[in-house]
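All remarks here apply to the structure that follows.
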Amino acid sequence: MRHTLLPLTALAALGLSTHSFAQDTCSTPLDVGSALGSHSWTYTVFTPSTDSGFDGTGSCQGEFLSIYNDAFFLWTAPSTGHYRFQNEFMGDDPELAIYRGTNCSAFCVAYDSDSGPGYTSELVLQNVTAGEVFLVQVGTWLNDPDIGLTVGFDVQEVALPCLEPDDVLDDNDSCAEALAIDPGFYSNLRVAKTDPDLYRICLPAGGMLDVELFFWDTEGDVDLFLYEAAEVGCGDGAFGPWLVRGYTTTDNEVISYTNASGGPMNLVIHVELWSGSPYNECTDYALWVNGGERCDDNPISFCEPMSVNSTGVPTRLRGSGLHLEATQGPPNQFGYFLVGTGTSPLGTTAISEGFLCLSLAGSDRIGRYNVSGSPANSFGQFDALGRLANIVGTSSTGFGFDVPSSVPLSGNPTIQAGQTWHFQLWHREDGGDSNFSNGLSVSF
């Protein structure tokens, strides 16, 4: 059927206001007192008068000429502190402006157009004094409302710890700077969007690790990741090769991990404040670590990342003192360990599909643990899971290799306390080629 628009006089006769509602202009804002939380108001009819045109002498609108479909509220700070304002109930393209004052003579403090999460508008006022009064203007960028449009804002008190110094455990902002810690409870820590925290913990074969972060999500969305320290992409957050993560949008994060690799693992606990967190640029937290042990920086991995093998990933060498393990190898292929007195940079000596990273320069020497019928035979074969199984009886675990005190070099030198020796694995590849693992430097 046809629709006929009622004249303004008819709307008035029906009891529907055709111009300013109580909070429709800067001269008659709705006073919501000092209450925190959500404050809203719904238009019962749309008329041109719902666009006030108020902009605080133009300084609160940036590139936009007006905040359309706007409504005004008065809000009084209940205590001294920092407050976050968010535009609510507007759908797409919300706008928010805050003025210091109580009416149309108020002047601009801050303005935002949908920079918050989910296209909300968001502003944070710092160092507000108890009793200060603000005029809050909410509306939309587009002039296309319907009857029943609800406008409003949410205000919460927030902490801004980024105004304070780093915590006592900084700087530990990358995997290379990860701080070695003991299991235990650590409080009064601080993380920022531009300043993550990384901690290193070592986990023996079969060991279990539990990590928990304590924080308020309303003050910052903090996430938790666990990596292998030598893994390429360690510290890349959600985009990195994490082993396990805590990635919710609620208070606190918890992760658990069991080392099923067959050898010791050097792990990194990565704490970051999500870059899209709608609240503060940084926040406080506490950390609880149960399991594992402090890493003693021995052994040290080198030649990372090694060339990928025929499975598409690099062969990985791990170890702890006199025991070595190799994982991520090509199933059914054979290999053995090498030992050297020095190292060379990745890319120096290319052999087949990989790189030899033990040095042959100057007086440096290389030995092979392939001496048949002796403890210096490390010959093994990768199983279906890519672990190097020892097939000559020189491993107490059945995998990898128990390094003997005698080194397979001329003169049969022995490993002595205070010395550092360097190890690498050579192995066959599918198709008859060969490859190498990364290297390990072990100080005895």
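Figures for the structure shown
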quantity: Sorted peptide list for 170-181, 283-294, criterion being average Cβ within 10 angstrom, highest first; calculated: 283-294, 170-181
quantity: Ranking of Trp421, Trp274 by count of other Cβ atoms within 10 Å, fewest first; calculated: Trp274, Trp421
quantity: Segment Ala384-Trp216, length gained on full extension (0.36 nm per residue, minus Cα span); calculated: 56.0 nm
quantity: Pairwise label distance in nanometres, Ser405 with Asp182, each label 7 Å out on the Cα-Cβ vector; calculated: 3.2
quantity: Length gained when the stretch His82-Ala260 is fully extended (0.36 nm per residue, less Cα-Cα span); calculated: 59.4 nm
quantity: Peptide ranges 124-131, 430-437, 236-243 listed from the most packed, as the mean C-beta count within 10 angstrom indicates; calculated: 430-437, 236-243, 124-131
quantity: FRET E, pair Asp433, Arg368, Förster distance 22 Å, beta-carbon r, rounded to 0.05; calculated: 0.75
quantity: Hypothetical label at Met208: residues of segment 283-302 whose amide nitrogen lies under 11 Å (7 Å Cα-Cβ projection); calculated: 291
quantity: Residue exposure sequence - Ile269, Ile351, Ile415 - by fewest surrounding Cβ within 10 Å; calculated: Ile351, Ile415, Ile269
quantity: Dipole in debye (nearest 20) - segment 163-290, about Cα centre, beta carbon charges: Lys, Arg +1; Asp, Glu -1; calculated: 520
quantity: Order of Val403, Val308, Val442 - criterion: other Cβ atoms within 10 Å of each residue's Cβ, fewest first; calculated: Val308, Val442, Val403
quantity: Nitroxide proxy distance, nm - points 7 Å out along Cα→Cβ at Val168 and Ser34; calculated: 3.6
quantity: Rough spin-label spacing in nm, given labels placed 7 Å along Cα→Cβ, for Glu304 and Thr248; calculated: 3.1
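Just so you know, all these numbers are worked out from the coordinates, no wet-lab data involved. All figures in this text were calculated on a predicted structure; none of them were measured in a lab. All Cβ positions, glycine included, derive from the backbone under ideal geometry; neighbour counts span all protein chains shown.
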